[in-house]
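Okay, structure first, notes after.
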Amino acid sequence: MRAIARTVKLKHAHFNSPARMSAQLRAIMMDVGSKKIEVSPFGRQVSKAIRSEMGIHRMSGRELAKTIGRGETYVRERVSDEKEWALSDIAKICDAWGLSPEELISKASQ
């Protein structure tokens, strides 16, 4: 039995302790999901314009989500500049507010 244990121990000597291995694995797993794509300056300008128009139209994030057929979390992430808006969503928003995309963006830059 000792011979087998010694063989296994020597065979796996390059591995760290199980506790340390799991800590290293957690660090690797955390690193995998952290490659977040930053919102571009133009994306922030679009979000600013949408936030502004939401105020003008007295529209909540929940109402905007229903208007474009998306979830509240989806809209919240975009209104708070965590993620970029899809072009199809911008088109739906502009249709709902009677604006062209150009008008929406120009309002934000004023």
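Descriptive notes on the structure:
- Compared with the direct C-alpha span, the chain from E82 to S52 gains 9.1 nm at full extension, assuming 0.36 nm per residue.
- With R₀ set to 25 Å, the beta-carbon distance separating F42 from E63 gives a calculated FRET efficiency near 0.50.
Here, each number is a calculation from the coordinates, and none is a lab measurement. Model, not experiment: these values are computed from the prediction. Every residue, glycine as well, gets a Cβ built from its backbone with ideal geometry; the counts of neighbours run over all protein chains shown.
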